[in-house]
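Following: one structure in structure tokens, then a few remarks.
The values are calculated or read from the model by the stated rules, or taken from the named source; none is laboratory data. Small disclaimer: the values here were computed from a predicted structure and weren't measured. Reconstructed Cβ throughout: ideal geometry from the backbone, glycine too, with neighbour counts over all protein chains shown. Each accessible area value is taken on the protein alone, full model and side chains, heavy atoms only, with ligands, DNA and RNA left out. Shrake-Rupley method; radii C 1.70, N 1.55, O 1.52, S 1.80 Å.
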Amino acid sequence: RPRAPSAGRLRLGGVGPQVHRAPSPLATADVEEIADAFGAAAKRAAAWGFDGVQIHAAHGYLLSQFLSPDGNTREDAYGGSPANRRRLLLACCARCREGLGPDRVLAVKLNVSDFSGPDGVDEAACAEIVEALDADASRVDLVELSGGTYASGMACLGDAADFRLASRVRFAPHARRLRARLPGLKLALMVTGGVDSRDAAVEALADADVAGVARAACVDPTAAAKWLLSEPAVSLKPPRPLPWLATIFGGRRSYSRPSVRLGRRALQEHDASSPTL
């Protein structure tokens, strides 16, 4: 059986029969081993020459579940109060900093909102987590702001419409409000989601320190470098879903397959123009 903070079963809206098995709650000793495993992974990354690591604590994955009162109903040191729910994340940060050493980058990806109603992480809860990370001895360098879970069907599932609600860059307004809540914040903020052009990157950097580029870089691996030089890059256009697919999946549009096709084409063109060594 899968393991999780608590025994709640994952339920996906609008996808037919639920086939996910109910997880077994992790024992306290197992939770402590998870932090050690994160630290060991960071140490390997440093040994292999990586400049840093990012701890994924968003999108309903394991650490995100621990942070959420909806997914974490534990009654031990890792559940109950907000401080207890973020205890594992802070332990993972501490172990990763030990593994990385003082000079490599330690980043954390967080949900500004789970988009799951009153029982999930919201902006206020996210601000508390960011404040704790900023004050923690592990010295987190950067927090990437994202949102949504597989259960809520937002953001992490790649719905293009989710990133076009209040601004071109979906989470830029959240970064702006987070800065206002935490005026003495020392760590850097990064926003991702919707940064598909130079104009979008400029908009992101008006509210955050770093703009995250993902699908646009899949389409054109040199996109960010071109934007810095004000040169044109391959544009990423949302695909148009077939009407019957839109009916089944609620209008969800995915960039993934077009991104892979265009990215492969860009790499082939790059390889063809590069000298053979």
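Reported count of residues in the stretch 47-61, each being at pLDDT 95 or above, closer than 23 Å to SER113 by Cα and open to solvent by 50 Å² or more (accessible area, probe 1.4 Å), is 2. Every listed requirement among (1) modelled with pLDDT of 95 or more; (2) more than 14 Å from the chain's Cα centre (by Cα) is met by VAL108 save one, (2).
Residue-wise test of (1) assigned to a helix (DSSP H, G or I); (2) modelled with pLDDT of 90 or more; (3) in contact with a strand residue (DSSP E or B) (Cβ under 8 Å, 6 or more places away or on another chain).
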{"site": "MET190", "(1), (2), (3)": "no, yes, yes"}
{"site": "ASP199", "(1), (2), (3)": "yes, yes, no"}
{"site": "VAL202", "(1), (2), (3)": "yes, yes, no"}
{"site": "ALA217", "(1), (2), (3)": "yes, no, no"}
{"site": "LYS226", "(1), (2), (3)": "yes, yes, no"}
{"site": "ALA233", "(1), (2), (3)": "no, no, no"}
{"site": "ARG252", "(1), (2), (3)": "no, no, no"}
{"site": "ARG264", "(1), (2), (3)": "yes, no, no"}
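If you check ALA7, ALA40 for being out of contact with any Lys or Arg (no Cβ under 7 Å at 6 or more places or on another chain), surrounded by fewer than 17 Cβ atoms within 10 Å (Cβ to Cβ), touching a residue at least 12 places away in the same chain (Cβ under 8 Å) and in a helix (DSSP H, G or I), only one passes: ALA40. Considering only the stretch 81-127, state which residues are open to solvent by 50 Å² or more (accessible area, probe 1.4 Å), basic (Lys, Arg) and assigned to a helix (DSSP H, G or I). ARG87, ARG95, listed by residue number. Checked against the criterion of being acidic (Asp, Glu) and under 16 Å from LEU106 (Cβ atoms), the stretch 53-73 contains not a single residue that satisfies it. Residue count for the stretch 207-220, restricted to those that are more than 20 Å from the chain's Cα centre (by Cα) and either closer than 19 Å to ALA172 by Cβ or open to solvent by 60 Å² or more (accessible area, probe 1.4 Å) (or both): 0.
Scanning the stretch 96-130 for residues being under 30 Å from ALA46 (Cα atoms), touching a residue at least 24 places away in the same chain (Cβ under 8 Å) and out of contact with any strand residue (DSSP E or B) (no Cβ under 7 Å at 6 or more places or on another chain) gives a total of 6.
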